[in-house]
Amino acid sequence: MAKQPHLLVEEGDVHDVALIPGNPDRVDRIADHCDDAELVSENREYRIVNAEYEGRELTICSTGIGCPSAAIALEELRNVGVETVVRVGTCGGLQTDVEIGDMIVATGAAKEEGTSKRYESETYPAVPDFGTLTALVDAAEARDEEVHVGPIVSDDAFYNESDEYVEDWEDAGLLAIEMEAAAVFSLARRRGMNAGAICTVDGNLVAGTQKGADSDDELPEKARNNVGRAIAITLEAVIRL
């Protein structure tokens, strides 16, 4: 397989499991929890690092913001041998009991985005595979961490999430909103891959708060702290996969 045009990797450069945060800086934060971290490539929004956690080799690859760039990353990772991807991201709460700093393991993602619809009908479910979902939940329990487990929504329009949309999502029982999971789940299913997602809550749209609204930092302090806990849960899950 030729070198991939966006990730700049080829077969043999990466491992079978990849953690896929959106933010390139979070690649380094995940790598700080691991051993033998080595930068593989860096291009545009994509930063790829290989590392090892408790003897398990893994790859960490940022996807940037949104489903289009996440889909490119997933397609190219699959082309070079990755079999399982786990999104480690952030999200905005859509229920009053989902607080900043909470963690959510997604059981599915509503398709309020356009990318997955280029691959398949929006009536087809965007869901993680059972094994990866179970590994994340079991890892949280093993670490005595509380996580919300349930459906989320993936949306394209960060600045156009109107009150009407938020109210509808809340009424539907969706736990949170983010921008990548629907494409990741849908493409993984179609490409014969495994996929899961764990996200840290960085705001609550029902309460009218968004990340960065009250601080010069992108994430509130509690969310920044709990991103580290979500990373630890994910790495524990990788050992179980």
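The values are calculated or read from the model by the stated rules, or taken from the named source; none is laboratory data. Everything quoted here is computed from the prediction, not taken from an experiment. All Cβ positions, even for glycine, are placed from backbone atoms using ideal geometry, and neighbour counts span all protein chains on display. Areas reflect the complete protein model, heavy atoms only, side chains present, ligands, DNA and RNA absent. Shrake-Rupley method; radii C 1.70, N 1.55, O 1.52, S 1.80 Å.
At a glance:
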| read-out | value |
| --- | --- |
| Unique match (being at pLDDT 95 or above, open to solvent by less than 20 Å² (accessible area, probe 1.4 Å) and under 24 Å from ALA126 (Cβ atoms)) among GLU76, GLU83, GLU45 | GLU76 |
| Members of region 114-159 found to be of a type in the set (S, T, N, Q) and in contact (Cβ under 8 Å) with a residue 60 or more places away in the chain, listed by number | THR115, SER116, THR132, SER154 |
| Of residues in region 1-42 being among the small types (Gly, Ala, Ser) and open to solvent by 20 Å² or more (accessible area, probe 1.4 Å), the one farthest from PHE185 (Cα to Cα) | ALA37 |
| Residues within region 63-107 that are more than 23 Å from GLU45 (Cβ to Cβ), hydrophobic (A, V, I, L, M, F, W, C) and assigned to a loop (DSSP other than H, G, I, E, B), tallied | 3 |
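This table checks each residue for (1) over 17 Å from GLU99 (Cβ atoms); (2) open to solvent by 30 Å² or more (accessible area, probe 1.4 Å); (3) at pLDDT 95 or above; (4) under 20 Å from the mean Cα position of the chain (by Cα).
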position: ALA135; (1), (2), (3), (4): yes, no, yes, yes
position: GLU145; (1), (2), (3), (4): no, yes, yes, yes
position: ASN160; (1), (2), (3), (4): yes, yes, no, no
position: ALA176; (1), (2), (3), (4): no, no, yes, yes
